[in-house]
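Student: Take a look at the following structure, please.
The numbers here are math on the coordinates, done by the rules we state, and not lab data. None of these values were measured; they are calculated from a predicted model. Positions of Cβ are backbone-derived with ideal geometry, glycine not excepted, and every protein chain shown enters the neighbour counts.
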Amino acid sequence: MRSSKERADPAQAGRSACLADIGVHAHSLAAFVSGLTLESVAADLTTFVPGRRLDDNAHVLMRYKGGARGVLVASQVSPGNLNNLSLRVYGTRAGLEWRGEEPELLRFTPLGQPMQTIVRGGPGTTTDAARVSRMPAAHPEGYVEGFANLYRDAAHLIRARRSGLSPDPAIAAAVPNVQDGLDGLRFIEAAVNSSQAGGVWQSV
């Protein structure tokens with residue numbers, strides 16, 4: 001793991017610190033959950049801490065193919081926020097909200113109806129969600145287990161390829177691939193270019 005000094009060093013971190021270190025995770029999460037493709041961004045990247053050479057705060061407007069819009073906020077200068085990775089998705093029929101600091105809960109609100117709280121592993125759990133749930137409902141699970149699931153699924157893909165077999169499609173869809181990594185890099189590059197140009201829209 002890189003130190004905070006290394007993360008702020010352009011020679012080691014590249015063109016961004018905050019956005020490349022934490023913002024890209026929110027970008028990837030939004031793409032994975034929504035299935036949408038990011039089309040363009042307008043960004044404002046700021047360095048608030050004197051002496052830092054890269055951004056420590058990012059505000060990014062996002063346009064997706066098909067007309068959806070998004071807002072991404074990432075900050076390394078927000079006292080009181082520890083690892084508050086969160087996602088909100090609003091559509092014509094319902095809204096979803098998930099917070100990394102409360103990873104057991106998913107808030108689901110059908111349009112015109114009361115909000116429902118779905119507990120990981122509890123009633124309403126889908127087959128895909130149950131496959132990656134390692135503990136009974138209400139037994140805290142999250143960050144470490146997520147890596148265990150990722151490694152298990154990556155091993156499945158490797159075994160399938162070595163054996164000349166087709167991998168389970170659900171597993172293949174859940175494991176990040178080279179394209180996902182490239183999409184993240186393109187997002188960072190477009191956001192940095194946008195910010196340096198005064199926040200103008202940049203294609204991803």
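Student: To the nearest 0.05, how large is the calculated FRET efficiency for HIS139 and ARG107 if R₀ is 25 Å and r is the Cβ-Cβ distance?
Tutor: 0.80
Student: Per q in 0.22 1/Å, what log10 I(q)/I(0) does a Debye calculation on the alpha-carbon atoms of the stretch 1-68 return?
Tutor: Scattering profile of the stretch 1-68, log10 relative to I(0): -0.93.
Student: Starting at the first residue of the stretch 190-199, write each ³J(HN,Hα) from the Karplus equation 6.51 cos²θ - 1.76 cosθ + 1.60 with θ = phi - 60°, in whole Hz, x for Gly and Pro.
Tutor: Running phi through 6.51 cos²θ - 1.76 cosθ + 1.60 with θ = phi - 60° gives 5, 5, 5, 4, 4, 5, 5, 9, x, x Hz.
Student: Quick one: order ASP44, ASP21 by neighbouring beta-carbon count within 10 Å, fewest to most.
Tutor: In increasing order of surrounding Cβ atoms, one gets ASP44, ASP21.
Student: Can you list the equivalent-ellipsoid semi-axes of the stretch 77-145, largest first and in whole Å, using the square root of 5 times each Cα gyration tensor eigenvalue?
Tutor: 21, 20, 9
Student: Still on this structure, please answer the following. Roughly how tilted is helix 143-163, in degrees to the nearest 10 and between 0 and 90, from the longest Cα axis of the chain?
Tutor: Between helix and principal axis, roughly 70 degrees.
Student: Tally Lys/Arg at +1 and Asp/Glu at -1 over every other residue whose Cβ is under 10 Å from the Cβ of GLY95; what's the total?
Tutor: It works out to a net charge of +2.
Student: What order, most packed first, do the peptides 49-62, 173-186 have when packing is the mean number of other Cβ atoms within 10 Å of each residue?
Tutor: Put in order of decreasing packing, that is 49-62, 173-186.
Student: A further question follows. Would you please name the GluC sites (Glu not before Pro) within the stretch 57-135 that are DSSP coil residues with at most 16 other C-beta atoms within 10 Å of their C-beta?
Tutor: Here the sparse-neighbourhood loop sites are GLU101.
Student: Considering only the other residues whose Cβ falls under 12 Å of the Cβ of THR46, what net charge follows from Lys and Arg at +1 and Asp and Glu at -1? Please report the intermediate quantities before stating the final value.
Tutor: Values: positive: ARG52; negative: ASP44, ASP55, ASP56.
Cβ neighbours under 12 Å give a net charge of -2.
Student: Counting Lys and Arg as +1 and Asp and Glu as -1, what is the net charge of the other residues whose Cβ lies under 13 Å from the Cβ of LEU19?
Tutor: My count for the surroundings of LEU19 gives -2.
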